[in-house]
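Written below as structure tokens is the structure these notes are about.
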Amino acid sequence: MNQRLFQAYVMVDWSAASKPTTGPDSIWVGVLKRNVRFQMAFEAHNPSTRVEAEKLLNAVLDDLKRKGERVLVGFDFPLGFPRGTAAALQLPGGPWRALMEFLVREVKDKPDNANNRFQVGAKMNRLMTGEAFPFWGAPARDEQTMLSAKRPREHTPSDLPELRYADEAAKGASSIWKLYYQGSVGGQAITGIPVVKRLHDARNVKLWPFETGWDALKPADIDDVEAVFAEIYPSLYAAKPNAGEIKDQAQVRGACERFNALDEKFQLGPV
């Protein structure tokens with residue numbers, strides 16, 4: 001019998017901002033879930049800091065668990081690094097988990113959004129290559145021996161890849177090694193992955209594709225979990241802003257609506 005994979009959808013548009021911020025280019029959390037009339041209803045949240053966003057996500061996930069509703073949570077930043085990164089850092093264990101645990105240990109993110117992402121990038125450069133590469137990009141005050149403001153050189157075949165396989169497949173995707181300037185997904189990943197790891201470890205969650213595998217998801221595959229976390233690329237599901245909406249808000253709404261529509265037709269599993 002066909003059935004939905006999820007009863008709710010939470011999409012997160014992240015930000016590595018160094019001070020509290022709302023509106024464009026800040027954190028947006030879109031939530032599509034059943035209301036008291038059991039109709040799907042959308043709500044948007046715009047927390048000003050990553051600490052507030054993590055508290056919000058914990059509250060949303062806890063509420064859905066109490067209702068017995070499984071949720072798909074999408075994050076718009078890389079949940080993994082190019083192949084070979086964990087080995088270059090000499091991290092033991094499974095690569096994806098080892099990298100997440102490394103970032104949980106290293107990243108310091110204060111309640112006012114002040115964070116050490118540039119220092120973490122510099123440390124990873126030192127451990128991986130002993131030079132200001134592959135991470136690059138920083139304001140002048142954060143430039144240092146192991147992190148340059150500008151891209152120092154091109155990647156060669158003997159270097160870690162510039163892009164992941166997923167980035168190569170998605171037209172226009174930025175490299176995770178870019179820590180600053182527009183489209184700096186590296187900063188988002190460094191500040192976001194520790195949040196994903198803590199949310200993951202606090203509940204019964206599967207992280208796609210690391211814990212689900214690559215086969216099309218079926219209800220039986222996730223019958224015993226509260227949520228599935230996945231990386232998303234919101235611009236693929238761009239929605240025209242409604243009156244009073246900004247682009248980021250419309251993107252998380254569009255992603256929620258797109259995944260709900262696919263799930264309603266029993267077509268989300270193969271995506």
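Throughout, read-outs are computed from the coordinates displayed, never taken from laboratory work. Here the structure is a predicted model, which means the values were calculated and not measured. Cβ: placed from backbone, ideal geometry, glycine included. Neighbour counts: every protein chain shown.
Listed values, structure above:
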read-out: Whichever lysines have a C-alpha closer than 29 Å to that of Lys265, once near sequence neighbours (fewer than 8 apart) are set aside; value: Lys33, Lys65, Lys67, Lys171, Lys206, Lys218, Lys240, Lys247
read-out: Exposure proxy order (Cβ contacts within 10 Å, fewest to most) of Ser184, Ser15, Ser158; value: Ser158, Ser184, Ser15
read-out: Rounded to 10°, Cα long-axis angle of helix 117-128 versus longest principal axis of the chain; value: 60
read-out: Most mobile listed residue (Asp25, Asp159, Asp76) in the chain, GNM with C-alpha springs under 10 Å; value: Asp159
read-out: 13 Å beta-carbon shell around Ser26, net charge (K/R +1, D/E -1); value: -2
read-out: Simple Cβ-charge dipole of the range 85-190, Lys/Arg +1 and Asp/Glu -1, about Cα centre, in debye nearest 20; value: 160
read-out: Within the chain, percent of DSSP bridges classed antiparallel, to nearest 5; value: 50
read-out: 5 angstrom amide H check on Asp109, placed H, neighbours 5+ away; value: none
read-out: Angle between the chain longest axis and helix 247-264 axis [Cα atoms, degrees, rounded to 10]; value: 50
read-out: Under the Debye formula (equal points on every Cα, no solvent term), log10 I(q)/I(0) of the chain at q = 0.10, 0.12, 0.17 Å⁻¹; value: -0.51, -0.74, -1.44
read-out: Per-residue HN-Hα couplings for the range 201-218 [Karplus 6.51, -1.76, 1.60; θ = phi - 60°; Hz; x = Gly/Pro]; value: 6, 8, 7, 8, 10, 10, 9, 8, x, 4, 10, 10, x, 9, 5, 4, 5, 10
read-out: Nearest 10 degrees, 0 to 90: helix 95-106 Cα axis against the chain principal axis; value: 70
read-out: Packing rank of 166-174, 225-233, where each peptide gets the mean count of other beta carbons within 10 Å, highest leading; value: 225-233, 166-174
read-out: Karplus (6.51, -1.76, 1.60) ³J(HN,Hα), θ = phi - 60°, over the range 163-172, in Hz, Gly and Pro reported as x; value: 10, 7, 4, 5, 5, 5, 7, 8, 4, x
read-out: Cβ-placed point charges (K, R +1; D, E -1), dipole of the chain about Cα centre in debye, nearest 20; value: 260
